[in-house]
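Shown next, in C-alpha cells, is the structure this report addresses.
The values are calculated or read from the model by the stated rules, or taken from the named source; none is laboratory data. Note that this is a predicted model, so its numbers are computed, not measured. Glycine also receives a Cβ, built like all others from the backbone with ideal geometry; neighbour counts cover every protein chain displayed. Just so you know, the surface numbers come from the protein's heavy atoms only, side chains and all, with ligands and any DNA or RNA stripped out. Shrake-Rupley method; radii C 1.70, N 1.55, O 1.52, S 1.80 Å.
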Amino acid sequence: MQKDFPQILNFIGGEFREPVGKKFLDNIEPATGKPYSRVADSDARDIDLAVASAERVFADWSKKPAAERSKILLRIADLIERDLEKFARAESIDTGKPVTLARSLDIPRAVANFRFFATAILHTENEAHITDGVAFNYTLRQPRGIAGLISPWNLPLYLLSWKIAPAITVGNTAIAKPSELTPMTAFLLCEICREADLPNGVLNVVHGTGANVGAAITANPKINTISFTGGTATGKKVAEACAPLFKKVSLELGGKNPNIVFADADLDAAIAGSVRSSFANQGQVCLCGSRVFVERSAYKDFVDRFIEKASQLKVGDPLDEKTEQGAIASKTQLDKVKFYVDLAQKEGGKIALGGKAPEPPNERTRDGYFFSPTVITGLPVTCRTNREEIFGPVVTITPFDKEDEVIRYANDVDYGLSSSVWTQNLSRAHRVAEQIHTATVWVNCWLVRDLRVPFGGMKASGIGREGGVEALKFFTEPKNICIAK
C-alpha cells in the first residue's frame with residue numbers, strides 16, 4: 001500500500017484530526033478504479049469528541065445575532081465561489097461525474113444553499129395570536145442544539161451544504177457525516193470554514209462508514225436532530241435508532257420516479273427533458289425519471305427519437321470537457337446496475353440501447369466503472385425492474401392508453417419522491433399532478449428547483465421536508481409564550 005496518498009482527516013473543534021483508531025479507508029477514483037487518497041475510518045469515539053466540541057460552542061453561537069451568523073455564511077459562499085474550479089475538479093474526481101456538471105450544477109448549488117439560508121434568517125417572522133380578551137400569545141423558534149447531518153455520495157457538496165446551511169444559520173451546531181465514498185469536497189469545505197472564521201466547533205465533520213459513524217450519530221443521545229439523505233433501507237435503520245430517543249428526524253430516501261408523456265406534449269421538449277432526467281449524473285440522482293410512460297399513439301416515435309438522442313451522449317473521462325456521461329460512483333453500484341439489467345432481460349425486457357459497459361474512454365480510465373446509457377422496453381409494469389430503485393443510467397419505457405391507467409402505473413410503487421408530466425393540456429396537467437402520489441410533480445420540465453419550496457418524499461421516499469421555511473422550522477423548536485391580559 002502506498003503511503004504518500006493525501007489523507008482526508010476529520011474536522012473537530014476547528015482542527016483537522018486523525019481518527020482516534022488511526023484507521024483509514026482507500027478513497028477510489030471511479031474513473032480509474034484506483035485509490036488516490038485515504039479517508040478517516042472513524043468510530044463512536046470520534047463522534048464523542050465532535051459532540052463535546054459542538055456542546056462547548058453552542059451557547060455562544062446560538063446567541064450570536066442573526067446578522068453576524070449571516071455574514072459568516074455569506075463569506076463561506078463567496079469563498080466556495082472563488083474556488084469553484086478547484087471544488088468542481090475535486091467533485092468530478094471523487095464521484096466520477098463530468099467536471100462540466102460539477103462546475104455548472106453541484107458547486108454553484110452549494111454556493112446558493114449558503115447564500116439562501118444566510119439571508120433567509122434576516123427575514124423571518126414570529127407568530128402572534130390574540131386569544132379574545134384573555135391572553136396574548138407569541139411563538140419563539142429556538143435552535144434545537146446539536147444536529148446530525150448524514151449525506152449521500154451522488155451529490156456530495158450539493159446535498160451536504162443543503163443540510164449544513166440551515167442547521168447552523170438558525171443557531172445549531174452540527175456534526176456532519178459525508179459518504180465515505182465521496183469525502184473530498186467536504187474536506188475542502190472545512191478549509192473554507194476556517195478561512196471564513198466560522199467559530200471552532202460550530203461545524204464538525206467526521207468521516208467513516210455508516211455502520212461506524214452514521215450509527216454513532218443516530219445513537220448519541222446528545223445529538224437530538226437528524227437529517228438523513230440516502231437509501232430507503234438505511235433510512236429504516238436510522239428511524240429505528242432515533243425513535244426510542246425521541247429525536248427529530250428528516251429522511252429523504254429513494255425514488256422510482258415516473259415520467260409521463262401524453263401524445264399532445266411538445267415531443268421535442270419531452271424527449272430532451274426525458275433524456276436528461278434519465279441519465280443526468282449517470283442516473284445517480286434520487287429525482288431521475290427512471291420509468292417513462294408514453295401514450296400509445298406517440299410511443300413508437302418517442303422511443304425511436306429518445307434512443308437516437310440517448311445514443312449520442314458522450315461517455316468519457318469525467319475530466320474531459322466534452323464528456324456527458326462519466327463513471328458510476330463505485331464498483332458496488334456498478335455491480336448493482338449490471339444486476340438489474342440482467343434481471344430485466346430475465347423478466348422479458350428488450351435492451352433497446354446499451355446494456356453493457358462501453359469501451360474504456362482512454363488508457364487512464366481503462367479500469368474505471370463505466371456503463372452505457374441503457375433503454376429497456378417490453379417490461380410489465382409490476383416487474384421488479386419497474387418497482388425497485390436501480391440508481392444508474394437505466395430507464396424503462398412503457399406505453400399506456402388512458403389517463404387513469406397511467407396514474408395507476410405511476411402510483412404502483414413503494415416510492416413517492418418526484419414525477420414529471422408532459423402535456424400541453426393545462427386541465428390534464430392539474431388533474432394528473434393532483435392524483436400522482438409524489439411530493440414533487442414537474443410539468444413540462446425536470447429538476448427546476450426553487451430553494452423556497454418544500455422538498456421531500458412520500459411513502460418509502462421519506463418523511464419530513466427540507467427547503468425554505470420548512471428547513472428553518474425543522475432545525476428549530478417552536479415555543480409558545482402565553483401572557484394573560
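Full-extension gain between E18 and C445, please, as 0.36 nm times their residue separation minus the C-alpha to C-alpha distance.
Numbers: separation 427, 0.36 × 427 = 153.72 nm, distance 4.53 nm.
Gain on extension, E18 to C445, equals 149.2 nm.
Using a probe of 1.4 Å, the accessible surface attributed to L353 totals some 30 Å² when neighbouring protein chains are kept in position. Partner lysines whose Cα lies under 19 Å from the Cα of K459, excluding those fewer than 8 positions away in the same chain, are identified as K236, K237, K248, K256. Here the relative contact order of segment 303-444, from alpha carbon pairs under 8 Å that lie six or more residues apart, stands at 18 percent. Taking 7 Å steps out from each Cα toward its Cβ at Y36 and R452 produces label points 4.0 nm apart. Between W61, V20, S37, the Cα set farthest toward the positive side of the dipole of segment 1-77 (charges on each charged residue's Cβ, about the Cα centre) is that of W61. Annotation: lysines with alpha-carbon distance below 23 angstrom to K64 (same-chain offsets under eight excluded): K163, K222, K473, K479. Remark: relative contact order (the chain) = 19 percent; criterion is Cα-Cα distance under 8 angstrom and separation of 6 or more residues.
Applying Stokes-Einstein at 20 °C and 1.002 mPa s to the Kirkwood radius of segment 51-93, computed over alpha-carbon pairs, gives a translational diffusion coefficient of 171 µm² s⁻¹. Taking a Cβ cut-off of under 9 Å around Q142, the surrounding Lys, Arg, Asp and Glu residues balance to a net charge of +2, with basic ones at +1 and acidic ones at -1.
If R0 is 45 Å, what FRET efficiency do you get for K322 and E477 from their C-beta distance, rounded to 0.05? Intermediate results must be reported in sequence, preceding the final value.
Details: r = 50 Å, r/R0 = 1.11.
About 0.35, to the nearest 0.05.
Compared with the dominant principal axis of the Cα atoms in the chain, helix 44-63 is inclined by about 60°. When the alpha carbon coordinates of segment 28-143 are projected onto the principal axes, the ranges are 72, 37, 24 Å, largest first.
Spatial offset of segment 401-442 relative to segment 40-115 amounts to 36 Å, using the alpha carbon center of each.
Can you give the FRET efficiency to the nearest 0.05 for D132 and D264, using r as the Cβ-Cβ distance and R₀ = 60 Å? Using R0 = 60 Å, I get an efficiency of 0.65.
Please list H207, H437 in order of solvent-accessible area, largest first, computed with a 1.4 Å probe with all protein chains present.
Numbers: H207 0, H437 85 Å².
Greatest to least solvent exposure: H437, H207.
Once the Kirkwood radius over Cα pairs is known for segment 295-420, the Stokes-Einstein relation at 20 °C and 1.002 mPa s delivers a diffusion coefficient of 135 µm²/s. List the GluC sites (Glu not before Pro) within segment 264-331 that DSSP assigns to loop and that have no more than 16 neighbouring Cβ atoms inside 10 Å. For GluC sites (Glu not before Pro) across segment 264-331 that sit outside H, G, I, E and B with at most 16 neighbouring Cβ atoms in 10 Å, the list reads E321. A probe of 1.4 angstrom, applied to the heavy atoms of all protein chains, finds T32 with accessible area near 10 square angstrom.
Using the beta-carbon distance between A243 and T139 and R0 = 22 Å, what value does 1/(1 + (r/R0)^6) give for FRET efficiency, to the nearest 0.05?
On the way: r = 26 Å, r/R0 = 1.20.
Result of the calculation: an efficiency of 0.25.
Relative contact order for segment 136-206: 34 percent, from Cα pairs under 8 Å spaced at least 6 residues apart, divided by residue count. I28 contributes about 50 Å² of solvent-accessible surface, heavy atoms of the protein only, 1.4 Å probe. Where the alpha-carbon atoms of segment 353-485 are placed on the principal axes, they occupy 77, 46, 28 Å, in descending order.
What do you get for trypsin sites (Lys or Arg not before Pro) in segment 349-394 restricted to DSSP loop and a cutoff of at most 15 other Cβ within 10 Å of the site's Cβ? For trypsin sites (Lys or Arg not before Pro) across segment 349-394 that sit outside H, G, I, E and B with at most 15 neighbouring Cβ atoms in 10 Å, the list reads K356, R364, R366, R387.
Among the trypsin sites (Lys or Arg not before Pro) in segment 111-219, none sits in a DSSP loop with a Cβ that has at most 14 other Cβ atoms within 10 Å.
From the helices alone, meaning DSSP H stretches of at least four residues, give me the mean residue ellipticity at 222 nm for the chain, per-run term -39500 (n - 2.57), in deg cm²/dmol to the nearest 500.
Helix contribution divided over all residues of the chain: -11500 deg cm²/dmol.
Between R194 and D301, the contour length at 0.36 nm per residue exceeds the Cα-Cα span by 33.0 nm.
Bridgeable aspartates and glutamates around K34 (alpha carbons under 20 Å apart, same-chain partners fewer than 8 residues away excluded): D4, D26, E91, D94, E180, D317, D320, D335, E359, E363, D367. For the chain, the longest principal axis of the C-alpha atoms and the axis of helix 156-169 are separated by about 30°.
I'd like the Kirkwood hydrodynamic radius of the chain, using the inverse of the mean 1/r over distinct C-alpha pairs, in Å. Please report the intermediate quantities before stating the final value.
Numbers: mean 1/r = 0.0428 Å⁻¹.
The Cα-based Kirkwood calculation yields 23.3 Å.
Rounded to the nearest 10 degrees, the inclination of helix 107-120 to the longest alpha-carbon principal axis of the chain is 40 degrees. What's the local net charge at D197, with K and R +1, D and E -1, over the other residues with C-beta under 10 Å away? Net local charge, D197 excluded: +2.
Label separation (R276 vs E434): 2.9 nm, computed from points 7 Å beyond Cα along the C-beta direction.
Any chance you could check the Cα centroid distance between segment 284-299 and segment 456-478 for me, in angstrom? So the two Cα centres are separated by 27 Å.
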